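Worksheet: one structure, shown below.
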Amino acid sequence: MDIEAINSLPYEDFVSIFGNVVERCPIIAAAVWSGRPFPSGAAIEAAINAFIEALPESGKEGILRCHPDLAGKDLQSGTLTPESREEQGAAGLDRMGAAEVSRMTRLNAEYKARFGFPFVVCARMNDRTSIVEQLRERLGNTQAQERARGVEEVKEICRLRLQSLVHSDQKHKL
Ligand code: GUN
């Protein structure tokens, strides 16, 4: 969809199309809609990032808590959002053996017990080996470092999800 078409969407449609660019946080799309018209897809991304940055720390943690565990029970039971399903699949998290899944489950639980929110990493920029490595490494950080790092990962996930929704190709005005 090109930017002109996006700018003419009523908020119901905008939220239904962009509501999951930040995982399970449609309120963010609902909030940034007021900032139309957007000059570009990058401007939508900037508005989302500004909204996230303006949140109190508890709000940022809330966004992290809306994310399902990687290779967690939502993946096993088929209840992931389509975006998360695709990203976790691309990282190979749907093709792990039982031992790998249980190691991941243990590390995710340890991470959540330590920080109070789930481990979030941009799955599309990683594979299952680098995800496990980062999970191990990041367990050594402080809570403030992890809150900030998780939010940066959310922004990266959002950037890639937006990229697949916004096309500037003038030949294909949808
Ligand atoms: N990275 C990309 N998608 C997701 C997700 O749904 N959950 C977590 N924890 N990380 C992600």
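The values are calculated or read from the model by the stated rules, or taken from the named source; none is laboratory data. Since we're looking at a predicted model, the values are computed, not measured. A quick note on method: Cβ atoms are made from the backbone with ideal geometry, for glycine too, and the neighbour counts reach across all protein chains shown. Heads up: the accessible areas ignore ligands, DNA and RNA and are worked out on the full protein's heavy atoms, side chains in. Shrake-Rupley method; radii C 1.70, N 1.55, O 1.52, S 1.80 Å.
Over the chain, give the accessible area per residue in Å² for a 1.4 Å probe, as an integer.
Value returned for the chain: 50 Å² of accessible area per residue.
Placing +1 on the Cβ of each Lys and Arg and -1 on the Cβ of each Asp and Glu in the chain, which of Val121, Val22, Leu55 has its Cα farthest towards the positive end of the resulting dipole?
Of the listed residues, the answer is Val121.
On a 0 to 90 degree scale, rounded to 10, what angle separates helix 128-138 from the longest Cα axis of the chain?
It works out to around 80 degrees.
Give the relative contact order (percent, whole number) for the chain; include only Cα pairs under 8 Å separated by 6+ residues.
Reported as a whole number, the value is 32 percent.
Cross-link partners among aspartates and glutamates for Lys112, C-alpha distance below 17 Å, same-chain residues fewer than 8 apart left out?
Output for Lys112: Glu57, Glu61, Asp69, Asp74, Glu133, Glu137, Glu146, Glu153.
If I model a spin label at Met1 and Val101 as a point 7 Å from the Cα along the Cα→Cβ vector, what separation in nanometres do I get?
Here the modelled spin labels are 3.5 nm apart.
Calculate, for Thr142 and Arg36, the FRET efficiency according to 1/(1 + (r/R0)^6) with r their C-beta to C-beta distance and R0 30 Å; round to the nearest 0.05.
Using R0 = 30 Å, I get an efficiency of 0.20.
Quick one: helix 143-163 against the long Cα principal axis of the chain, what's the angle to the nearest 10°, folded into 0 to 90?
50 degrees
Starting from 0 in steps of 10 Å, tell me what percent of the Cα-Cα pairs of the stretch 1-160 lands in each bin.
10, 39, 33, 15, 3
For the stretch 68-174, state the average projected area of the convex hull of the C-alpha atoms over all orientations, rounded to one decimal in nm².
If you wrap the Cα atoms of the stretch 68-174 in a convex hull and average its projections, you get 7.6 nm².
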